[in-house]
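The values are calculated or read from the model by the stated rules, or taken from the named source; none is laboratory data. As the structure is a prediction and not an experimental result, all values here were calculated from the model. Cβ placement follows ideal geometry from the backbone for every residue including glycine, while neighbour counts extend to all protein chains displayed. The protein model used for the area step is the full one, side chains on, heavy atoms only, and it has no ligands, DNA or RNA in it. Shrake-Rupley method; radii C 1.70, N 1.55, O 1.52, S 1.80 Å.
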2 protein chains.
Amino acid sequence: MQILILGAAGMVGRKLTERLVREGQLGGEAITRLILHDVVEPERPQASFAVETLTSDFSMPGEAEKLVAGRPDVIFHLAAIVSGEAEADFDKGYRINLDGTRFLFDAIRIIGDGYGPRLVFTSSIAVFGAPFPDAIGDEFFLTPLTSYGTQKAIGELLLADYTRRGFFDGVGIRLPTICVRPGKPNKAASGFFSSIIREPLNGQEAVLPVSLDVRHAHASPRSAVGFLIHAASMNTSRIGPRRNLTMPSVSVTVGEQIDALRRIAGEQTVARIRHELDPTIIRFVEGWPRRFDASRAESLGFRAESSFDEIISIYVEDELGGVVPT
Amino acid sequence: MQILILGAAGMVGRKLTERLVREGQLGGEAITRLILHDVVEPERPQASFAVETLTSDFSMPGEAEKLVAGRPDVIFHLAAIVSGEAEADFDKGYRINLDGTRFLFDAIRIIGDGYGPRLVFTSSIAVFGAPFPDAIGDEFFLTPLTSYGTQKAIGELLLADYTRRGFFDGVGIRLPTICVRPGKPNKAASGFFSSIIREPLNGQEAVLPVSLDVRHAHASPRSAVGFLIHAASMNTSRIGPRRNLTMPSVSVTVGEQIDALRRIAGEQTVARIRHELDPTIIRFVEGWPRRFDASRAESLGFRAESSFDEIISIYVEDELGGVVPT
């Protein structure tokens with residue numbers, strides 16, 4: 001089985017690569033070749049199968065054709081300009097997130113000749129725009145309030161139509177906020193959801209810019225990879241034509257996040273969180289989803305954590321060698 | 001006020017043109033120039049203001065720029081490859097309905113310099129895909145089951161994002177089935193909804209291919225034009241970011257359509273309907289919406305007919321000189 005990952009140098013792409021290398025198979029089939037693509041060169045892991053790295057801008061005419069020329073059996077399309085950049089640079093966001101996605105889909109379509117890979121597309125909860133019901137259900141409409149969310153919603157529509165037409169076998173998965181993100185603090189408005197856990201565990205101070213009753217939906221990086229693997233290997237005959245699925249997540253308030261951190265790492269860790277309200281971030285967060293009812297994805301076998309304690313424990317296992325620092 | 005109509009040669013475009021010419025104004029402002037565009041040359045009406053006709057394929061690079069170069073204040077974008085053709089010719093459907101729409105939107109955007117016309121886009125109930133609730137509400141999700149519906153849904157998303165970005169002031173209106181369509185019978189699967197009224201009124205036989213309990217949602221051509229005029233002249237500050245609206249309609253069964261025809265034109269007219277079930281059309285119709293709850297559009301002042309009797313009466317007034325044939 002040949003696998004292609006677009007966006008392989010990103011956090012989720014790297015973790016997906018690690019898991020594929022570790023397991024050597026996908027859905028019971030041995031991996032024979034893995035192609036890692038990104039706009040910057042992805043790391044090439046040691047593996048029991050052939051690994052190739054490719055660097056290009058897949059939104060340039062002709063590039064997508066090269067990526068799929070070897071007819072990969074499974075394509076993970078994780079490549080995207082992120083929300084802030086797509087908002088700041090209108091042309092670039094549409095070029096990468098819309099044109100790039102369409103070039104990829106068309107490159108697959110044009111091969112024809114019975115070629116129809118499994119295509120897993122990462123969409124985002126940014127396809128939703130406030131006001132929301134308390135829990136966003138599977139039939140709630142998409143009214144994105146960012147260009148990024150618009151581009152992801154268009155990708156979902158194309159994926160469903162190209163799948164219905166038989167050009168590939170697509171599954172779109174809407175990722176919740178991924179928490180706890182490893183690495184350094186970043187400037188994303190949502191960064192505090194991770195940093196109030198990560199920095200205190202690493203002995204550093206973190207700033208909480210919103211009130212304790214702010215509620216949001218999370219899943220771990222390990223779950224994100226699990227969603228991708230499941231989407232790539234599941235029996236899609238059960239999905240029907242509605243190919244885009246909101247992934248399961250853990251809905252908690254910031255206060256509940258901190259309570260979980262206290263249970264796992266104690267009061268002296270929690271004490272590293274400094275509460276300093278930021279009106280700009282507060283305003284952003286008011287427009288974000290609080291909870292999802294992801295019944296369809298759950299009934300199709302997608303699984304996230306069942307508590308925020310579990311999400312922290314996964315961070316400790318995967319990033320801190322299993323040892324809670326004191 | 002300058003007005004541009006794309007798709008001016010179609011049935012709705014012609015009726016919109018007629019009304020603009022008759023009224024000489026839009027939203028209280030005198031029309032100074034009307035530009036009629038289509039891929040075939042639109043008829044040029046006699047009017048109290050300048051009328052220009054243009055013929056081109058607006059999906060060819062550079063054509064959309066020419067259309068908006070004169071900075072029309074209001075743009076009606078009615079141009080589209082219809083459902084059946086977009087399904088039969090994948091490339092053509094995406095080229096006209098998606099690329100053409102995006103070229104138009106970008107041509108407006110690139111003018112910049114404070115230019116921001118009102119843009120009215122005709123979407124379609126084809127953005128919805130079965131299974132449906134009994135009545136499709138304003139927050140029901142878009143899961144089109146045709147390439148045409150996919151392209152219209154993408155147009156809606158682009159319209160909302162370009163409006164949010166301030167490039168134009170867009171309103172997308174989802175038209176229900178337009179009934180009674182004037183003219184000759186056509187081969188559209190939905191054609192019978194009009195032909196079982198039109199042909200009997202014209203002394204001809206019509207075939208009803210589905211059972212009497214099939215329910216569907218209708219509005220007259222006069223209402224379709226009314227929706228466009230209202231969308232072009234309403235105060236959009238009341239809409240908010242959710243710029244795409246399901247239009248009001250009359251939900252009736254085929255049996256109720258025929259009862260209305262009987263009340264208006266008598267039993268001898270109804271007797272011209274021959275019932276002959278067609279399994280193919282029956283299967284199509286099972287996937288179509290039956291009823292809409294268009295509360296948002298209604299609260300924003302959009303009005304359709306209140307009964308199917310009224311829809312037939314409008315056909316008699318507008319197409320038969322106000323005289324019910326016997």
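Would the range A:203-222 turn up any residue that is part of a helix (DSSP H, G or I) and either touching a Ser or Thr at 6+ places or on another chain (Cβ under 9 Å) or of a type in the set (Ser, Thr, Tyr) (or both)? No; the residues of the range A:203-222 include none that is part of a helix (DSSP H, G or I) and either touching a Ser or Thr at 6+ places or on another chain (Cβ under 9 Å) or of a type in the set (Ser, Thr, Tyr) (or both). Taken over the range A:243-264, residues that are open to solvent by less than 10 Å² (accessible area, probe 1.4 Å) and assigned to a helix (DSSP H, G or I) amount to 4.
Looking only at the range B:265-286, count every residue that is in contact with a Ser or Thr (Cβ under 9 Å, 6 or more places away or on another chain), open to solvent by 60 Å² or more (accessible area, probe 1.4 Å) and assigned to a loop (DSSP other than H, G, I, E, B) and tell me the total. So the count comes out to 1.
So is A:Pro289 outside any helix (DSSP H, G or I) and closer than 21 Å to A:His77 by Cβ or not? So A:Pro289 fails the test. A count restricted to the range B:128-144 and to residues that are more than 9 Å from chain A (Cβ to nearest Cβ) and open to solvent by less than 20 Å² (accessible area, probe 1.4 Å) stands at 2.
Does A:Gly93 satisfy the condition of being within 14 Å of chain B (Cβ to nearest Cβ) and either modelled with pLDDT of 95 or more or touching a strand residue (DSSP E or B) at 6+ places or on another chain (Cβ under 9 Å) (or both)?
yes
Of all residues in the range B:218-232, none are over 17 Å from the mean Cα position of the chain (by Cα) and not aromatic (Phe, Trp, Tyr). The residues of the range A:296-323 that are surrounded by fewer than 14 Cβ atoms within 10 Å (Cβ to Cβ) and either among the basic types (Lys, Arg) or over 18 Å from A:Lys15 (Cα atoms) (or both), listed by number, are A:Ser299, A:Gly301, A:Ser306, A:Ser307, A:Val323.
Of all residues in the range A:185-210, those that are at pLDDT 95 or above, within 19 Å of the chain's Cα centre (by Cα) and of a type in the set (Gly, Ala, Ser) total 2.
When B:Tyr115 is tested against (1) within 11 Å of another protein chain (Cβ to nearest Cβ); (2) over 18 Å from the mean Cα position of the chain (by Cα); (3) among the hydroxyl-bearing types (Ser, Thr, Tyr), exactly one condition is not met: (1). Taking residues in the range A:163-190 that are closer than 22 Å to A:Arg71 by Cβ, and partners anywhere that are open to solvent by 40 Å² or more (accessible area, probe 1.4 Å) and assigned to a loop (DSSP other than H, G, I, E, B), the pairs with Cβ atoms closer than 8 Å and at least 6 places apart or on different chains are A:Thr163/A:Pro241; A:Arg164/A:Pro241; A:Arg164/B:Leu145; A:Gly166/A:Gly116; A:Phe167/A:Gly116; A:Phe168/A:Gly116; A:Asp169/A:Gly116. Scanning the range A:52-66 for residues that are surrounded by fewer than 22 Cβ atoms within 10 Å (Cβ to Cβ) and in contact with a helix residue (DSSP H, G or I) (Cβ under 8 Å, 6 or more places away or on another chain) yields A:Leu54, A:Ser56, A:Asp57, A:Pro61, A:Glu63, A:Glu65.
Taking residues in the range B:297-324 that are touching a residue at least 40 places away in the same chain (Cβ under 8 Å) and of a type in the set (S, T, N, Q), and partners anywhere that are in a helix (DSSP H, G or I) and open to solvent by 40 Å² or more (accessible area, probe 1.4 Å), the pairs with Cβ atoms closer than 7 Å and at least 6 places apart or on different chains are B:Ser313/B:Ile264. Considering the range A:205-262, the residues that are in contact with a strand residue (DSSP E or B) (Cβ under 9 Å, 6 or more places away or on another chain) and within 14 Å of another protein chain (Cβ to nearest Cβ) include one that is nearest to A:Asp293 (Cα to Cα), namely A:Thr246. Based on what the data block shows, is B:Ile35 buried (at least 21 other Cβ atoms within 10 Å of the Cβ) and assigned to a strand (DSSP E or B)? So B:Ile35 fits the description; yes.
Quick check on the range B:96-107: of everything there that is touching a Phe, Trp or Tyr at 6+ places or on another chain (Cβ under 9 Å) and within 13 Å of chain A (Cβ to nearest Cβ), which residue is surrounded by the fewest Cβ atoms within 10 Å (Cβ to Cβ)? Among residues in the range B:96-107 that are touching a Phe, Trp or Tyr at 6+ places or on another chain (Cβ under 9 Å) and within 13 Å of chain A (Cβ to nearest Cβ), the one surrounded by the fewest Cβ atoms within 10 Å (Cβ to Cβ) is B:Asp106. Mind checking which residues of the range B:146-178 are at the interface with chain A (Cβ under 10 Å from one of its Cβ atoms), open to solvent by 20 Å² or more (accessible area, probe 1.4 Å) and over 19 Å from the mean Cα position of the chain (by Cα)? Selection gives B:Arg164, B:Arg165, B:Phe167. Based on what the data block shows, is B:Glu43 closer than 24 Å to B:Phe227 by Cβ and open to solvent by 20 Å² or more (accessible area, probe 1.4 Å)? Answer is yes for this residue.
Within the range A:223-242, the set of residues being in a helix (DSSP H, G or I) and open to solvent by 20 Å² or more (accessible area, probe 1.4 Å) comprises A:Gly226, A:His230, A:Ser233, A:Ser237, A:Arg238. From the list B:Gly93, B:Gly112, the lone residue that is at negative phi and open to solvent by less than 40 Å² (accessible area, probe 1.4 Å) is B:Gly93.
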